[in-house]
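Visitor: Okay, handing you the structure first.
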Amino acid sequence: MPNLTLVVPWSHALLREVLRPGDAAVDLTAGEGRDTQVLADAVGPAGRVVAFDVQAAALKQAAAALRATGCTVVDWMTGCEVPATPGVYLVHACHSTVAAFVTSPIRAAVANLGYLPGGDSALTTRPETTCRSLQGTLDLLLAGGRLAVTVYPGHPGGDVEAAAVDRLFAALPCPSWQVLRVSVANAPGAPYLLVAEKRSG
Ligand SMILES: C[S@@+](CC[C@H](N)C(=O)[O-])C[C@H]1O[C@@H](n2cnc3c(N)ncnc32)[C@H](O)[C@@H]1O
């Protein structure tokens, strides 16, 4: 039975709604590649996905999983811009450097904050770098493009990060931006989803 209160699948549905074959997309927290795979499937072999993570071991798992589904995966080891050539580029770098790697407009982006389930919970996203990465990504969105962020306020430090991300999204001017929040009404501290859609260029 589907679980209504899991917000990550909602983020996928809202990104699939705008992504088209051949588009460009960004995953700010690749982990083992589940969200990256959703983006890669939506943009298809003619599209480009750039995915960041600070954990080399997670990216290795992501690469294997993505290749097993037929994706063309490039381990992007240099510190410079990712080419426009189609493929899934896995970047071992902090997502706050997104603007150095991606310079052309994108249709959609995803961030699944916090730490990798089953991994080291100390390797978690942090308010300052998260907000820098989100702002850099918002700046890259095409009109009609979306950024979906799953926020985890329940782990140590997660509440501070959640407050910072809330402020960033709440400050996006209306009507240039439409901002949606999907949250579980009867479970305080549960993960929630923020989605920003750029309305004008
Ligand atoms: C909730 S997990 C992501 C799950 C992943 N999207 C998946 O589908 O498996 C959060 C990820 O953020 C990564 N992370 C933490 N700080 C980061 C940073 N500054 N830049 C990029 N990734 C970061 C962690 O290593 C972890 O893999």
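Visitor: One residue is enough: does the stretch 56-64 have a residue meeting the conditions assigned to a loop (DSSP other than H, G, I, E, B) and either in contact with a Gly (Cβ under 9 Å, 6 or more places away or on another chain) or over 20 Å from residue 137 (Cα atoms) (or both)?
Guide: no
Visitor: Pairs, please: C-beta under 7 Å, at least 6 apart or cross-chain, first residue closer than 18 Å to residue 190 by Cα and in the stretch 159-174, second of a type in the set (Lys, Arg)?
Guide: Every condition considered, the pairs that remain are 161/126.
Visitor: Within the stretch 83-97, identify whether any single residue is out of contact with any Pro (no Cβ under 6 Å at 6 or more places or on another chain), of a type outside the set (Ser, Thr, Tyr), at pLDDT below 95 and open to solvent by 10 Å² or more (accessible area, probe 1.4 Å), and answer yes or no.
Guide: Among the residues of the stretch 83-97, at least one is out of contact with any Pro (no Cβ under 6 Å at 6 or more places or on another chain), of a type outside the set (Ser, Thr, Tyr), at pLDDT below 95 and open to solvent by 10 Å² or more (accessible area, probe 1.4 Å), which makes the answer yes.
Visitor: List the pairs whose first member sits in the stretch 55-76 and is in contact (Cβ under 8 Å) with a residue 12 or more places away in the chain and of a type in the set (Val, Ile, Thr), whose second member is part of a helix (DSSP H, G or I) and away from the ligand (no atom under 14 Å from the Cβ), and whose Cβ atoms are under 6 Å apart, counting only residues at least 6 apart or on separate chains?
Guide: Here the result reads 73/67, each pair linking the stretch 55-76 to a residue that is part of a helix (DSSP H, G or I) and away from the ligand (no atom under 14 Å from the Cβ).
Visitor: Going through 130, 124 one at a time, which residue ends up being hydroxyl-bearing (Ser, Thr, Tyr), within 14 Å of the ligand (Cβ to nearest atom) and either within 19 Å of residue 25 (Cα to Cα) or open to solvent by 30 Å² or more (accessible area, probe 1.4 Å) (or both)?
Guide: 130
Visitor: Still on this structure: One residue is enough: does the stretch 19-26 have a residue meeting the conditions open to solvent by 60 Å² or more (accessible area, probe 1.4 Å), more than 26 Å from residue 128 (Cα to Cα) and at pLDDT 95 or above?
Guide: First pass over the stretch 19-26, keeping only residues open to solvent by 60 Å² or more (accessible area, probe 1.4 Å): 20-21.
Still in the list and also more than 26 Å from residue 128 (Cα to Cα): 20-21.
Subset that is at pLDDT 95 or above: 20-21.
Yes - at least one qualifying residue is present in the stretch 19-26.
Visitor: Please go through the stretch 4-18 and pick out each residue that is hydroxyl-bearing (Ser, Thr, Tyr) and either exposed (fewer than 13 other Cβ atoms within 10 Å of the Cβ) or closer than 16 Å to residue 109 by Cβ (or both).
Guide: Within the stretch 4-18, just 11 meets the criteria.
The values are calculated or read from the model by the stated rules, or taken from the named source; none is laboratory data. Just so it is clear, the structure is predicted and the values come from calculations on it, not from any experiment. Every residue, glycine among them, receives a Cβ derived from its backbone with ideal geometry; neighbour counts consider all protein chains shown. Side chains included, ligands, DNA and RNA excluded: accessible areas come from the protein's heavy atoms. Shrake-Rupley method; radii C 1.70, N 1.55, O 1.52, S 1.80 Å.
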